[in-house]
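The values are calculated or read from the model by the stated rules, or taken from the named source; none is laboratory data. All values derive from a computational prediction rather than experimental measurement. Cβ coordinates were reconstructed from backbone atoms using ideal geometry, including for glycine residues, and neighbour counts include every protein chain displayed.
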Amino acid sequence: MLSREKANGLWKDWRLHVIVFAIVIIAESIGQFEFSVGPGVVLLLPMLYAIIIGLVVFFSPLAGEEQSKHAEPLLVLGVALLLAKIGVIIGPDLPEIIAAGPALLLQELGNLGTILVALPIALMLGLKREAVGMTHSVAREPNVGLIMDRFGINSPEGRGVMAVYIFGTVFGAVFMGLIAGFLATLTPLHPYSFAMASGIGSGSMMAAASGSLIGAFPDMENTIVAFAGASNLLSLSTGLYVSIFIGLPLTEKLYRMMEKRRGGGGDA
């Protein structure tokens, strides 16, 4: 909980609120753009512009360390409002969500597939134990806590998971927003499947991905938000357990096997 003094300082930080308001006005004024890449469509949403403008402002004299610290709890507040909205939307679409059945319940296992792709690439790039922390999950807060508890913050695994966490925080929403709309228009898969896939346990990434899907399929807006929200909720509640019992042990085992074949030894 924030202390009263700190909370008052947060709300009285006029520079932060002016910067955020200006970014929102600029991003919304630019509006939505889309362009074709082959048979697919890439959607550029206001959230993308807001992230880019925010990064530019962060590295400029306009915002200091004080503003960045004050922005963190406000971001949590914004995500809380988003989750409240999703909760209201999910209600009317519960029959369709229930009808999805095992597909929605087992969607978390889909995240494990990235281990089979990401780990070999990381090892090819010359990474060692850092690859275990980097590739065992999407590296959000619960996964960072798991690696810190298991290996420690100064371990190679700790450095790996923090690298992906920082990268995901900066570029995750941008990537998810671009790839979701592109793949949904390029592939024959149903938009609801991409809505499920957008719920990886990150509110900002889910919002960016579902926003792109809604831009491509506006008539499905409520159901897309409902599937994305339900999927994200399940990922938040089950993702850590999947990482503990399946993701991390699988990554460590594959790492030892691959390093042994490369002649590097499993504990390198």
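Quick notes
- Meets criteria (modelled with pLDDT under 80 and polar (S, T, N, Q)) for SER68: yes
- Consider the range 198-231 and keep the residues that are out of contact with any Leu (no Cβ under 7 Å at 6 or more places or on another chain) and under 20 Å from VAL161 (Cβ atoms). The one that is surrounded by the fewest Cβ atoms within 10 Å (Cβ to Cβ) is SER204.
- Among the residues examined, GLY199 does not qualify as on the phi < 0 side of the Ramachandran plot and assigned to a helix (DSSP H, G or I).
- Whether a residue is touching a Ser or Thr at 6+ places or on another chain (Cβ under 8 Å) and either surrounded by fewer than 24 Cβ atoms within 10 Å (Cβ to Cβ) or without any contact (Cβ under 8 Å) to a residue 60 or more places away in the chain (or both) was assessed, and MET258 does not pass this test.
- Residues of the range 35-65 that are at pLDDT below 70 and in contact with a Leu (Cβ under 9 Å, 6 or more places away or on another chain): PHE35, VAL37, GLY38, PRO39, GLY40, VAL41, VAL42, LEU43.
- Of SER198, SER231, all but one fail to be touching a Ser or Thr at 6+ places or on another chain (Cβ under 8 Å), farther than 22 Å from TYR49 by Cα and at pLDDT below 90; the exception is SER231.
- Among the criteria (1) free of Cβ contacts under 8 Å to residues at least 60 places away in the same chain; (2) out of contact with any Phe, Trp or Tyr (no Cβ under 9 Å at 6 or more places or on another chain); (3) in a helix (DSSP H, G or I), the one ALA184 does not fulfil is (2).
- Within the range 171-197, the residues that satisfy the criterion of being among the aromatic types (Phe, Trp, Tyr) and either surrounded by fewer than 24 Cβ atoms within 10 Å (Cβ to Cβ) or more than 15 Å from the chain's Cα centre (by Cα) (or both) are PHE171, PHE175, PHE182, TYR192.
- Residue identified as in a helix (DSSP H, G or I) and over 22 Å from GLY203 (Cα atoms) among GLY168, GLY145, GLY158, GLY126: GLY158
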